[in-house]
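This report concerns only the one structure given below.
The values are calculated or read from the model by the stated rules, or taken from the named source; none is laboratory data. It should be emphasised that the depicted structure is a prediction, and the values quoted were computed from it without experimental measurement. Here the Cβ positions follow ideal geometry from the backbone for every residue, glycine too, while neighbour counts run over all protein chains shown. Protein only, heavy atoms only, side chains kept; ligands, DNA and RNA dropped before computing areas. Shrake-Rupley method; radii C 1.70, N 1.55, O 1.52, S 1.80 Å.
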Amino acid sequence: MSELVKINSLSKIYRNGNEEVYAVNDLSLSISKNDYLVILGPSGAGKSTLLYIIGGLASPTTGSVLFSSKNIYDMNDKDLALWRSKMVGFVFQFYHLIEELNVLENIMISGLASGCSRDFSLKKAKELLKYLDIEERKNFFPSQLSGGEKQKVAIARALVNEPEILLCDEPTGNLDVDSQEKVLSLLDELNKKNKTIILATHNLELTKKAKRVIFMKKGKIVEVGLGGDYESLFKRKIS
């Protein structure tokens with residue numbers, strides 16, 4: 001598989017008074033096109049920070065993120081925002097749906113915000129609603145949806161621009177077991193249709209369908225394994 005993302009000597013440092021805190025500490029990583037990578041680790045390991053840096057939401061203190069061989073942090077803010085809107089889809093734990101908009105509008109707005117036409121955004125949103133089996137909910141508002149349905153809407157919104165990569169931060173953190181399994185099956189299906197997925201979590205169950213798993217602790221990668229190997233490789237490390 002061809003390389004899509006190359007991370008070189010990446011660090012993200014925050015200051016707490018006179019103290020320097022490394023959220024990510026001299027980390028290097030390669031991600032191939034059509035990869036399904038889970039970033040696993042306890043709270044405070046740096047998982048979300050790494051995810052946000054990969055997606056262009058948080059600039060690193062040092063190091064580089066190459067996307068298709070281009071350093072995204074060499075772009076100015078306007079070009080980076082445009083790149084992010086076209087190339088990256090984000091799925092968060094708390095959905096971040098707009099309560100005043102219905103399901104169809106919540107999905108369309110991502111396309112409209114990135115410059116897609118209304119016709120394209122509407123067509124794509126309807127296709128995704130059908131694909132995700134929530135077509136009958138298109139006129140519902142977020143308050144009328146279950147947690148699993150909200151996350152499906154959030155995934156559809158992330159996909160409406162047909163991004164190269166899907167970044168998921170604890171995407172099942174607010175879901176019951178049944179809804180979690182449905183979302184994981186959906187992500188697996190998307191990956192089988194050539195969508196590159198990077199998922200950050202502390203939940204071992206979310207590694208089962210991954211192709212690769214990395215375990216982070218204190219901003220560093222401390223172990224690498226294959227999806228499905230999670231119990232033998234990582235269970236002892238969750239604390």
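Over all projection directions, the Cα-based convex hull of segment 1-99 averages an area of 8.1 nm².
Annotation: segment 43-155 has a Kirkwood hydrodynamic radius of 15.7 angstrom, from the mean reciprocal C-alpha pair distance. Averaging over all projection directions, the Cα-based convex hull of the chain occupies 13.5 nm² in the image plane.
Using C-alpha pairs below 8 Å separated by at least 6 residues, the relative contact order for the chain is 28 percent. In plain terms, the chain from Lys33 to Asp188 could stretch by 54.3 nm, reckoned as 0.36 nm per residue minus the Cα-Cα distance.
Stretching Met75 away from Glu164 to a fully extended chain increases their span by 30.2 nm, per 0.36 nm per residue minus the current alpha-carbon distance. In this label model, Glu3 and Val224 are separated by 1.2 nm, measuring between points 7 Å along each Cα→Cβ vector. For segment 1-53, a/c is not less than 1.5, where a ≥ b ≥ c are the root eigenvalues of the C-alpha gyration tensor, and a/b tops b/c. That puts it in the prolate class. Within the same chain, aspartates and glutamates fewer than 8 places from Lys182 are excluded, and of the rest, those with a Cα less than 18 Å from its Cα are Asp133, Glu135, Glu136, Glu149, Asp169, Glu170, Glu205.
Translational diffusion of segment 103-160 was estimated from the Stokes-Einstein equation, with Rh taken as the Kirkwood radius over Cα pairs; at 4 °C and 1.567 mPa s the coefficient is 118 µm²/s.
Three principal axis extents of segment 100-239 based on alpha-carbon atoms, in descending order, are 49, 29, 27 Å. Rounded to the nearest 20 debye, the dipole size of segment 66-167 about its Cα centre is 120 debye, using +1 on the Cβ of Lys and Arg and -1 on the Cβ of Asp and Glu. Identify all aspartates and glutamates with a Cα-Cα distance to Lys12 below 14 Å; exclude those on the same chain that are fewer than 8 residues away in sequence. In chain and number order, the partners are Glu20, Asp26. Surface composition of the chain: carbon plus sulfur atoms hold 48% of the accessible area, using a 1.4 angstrom probe and ignoring ligands, DNA and RNA. Give the long-range amide H neighbours of Val91: residues separated by 5 or more places, or on another chain, with amide H under 5 Å away, using H modelled in the peptide plane at 1.01 Å from N. Close amide H contacts, sequence-distant or interchain: Leu167, Cys168, Asp169. Using 0.36 nm per residue and subtracting the Cα-Cα separation, the extra length available between Asp26 and Lys126 on full extension is 31.7 nm. Straight-distance candidates among the lysines for linking to Lys123, with alpha-carbon spacing under 19 Å and chain neighbours fewer than 8 residues away dropped: Lys86, Lys138, Lys152. Note on Lys86/His202: beta-carbon distance plugged into 1/(1 + (r/R0)^6) with R0 of 25 Å gives a FRET efficiency of 0.25.
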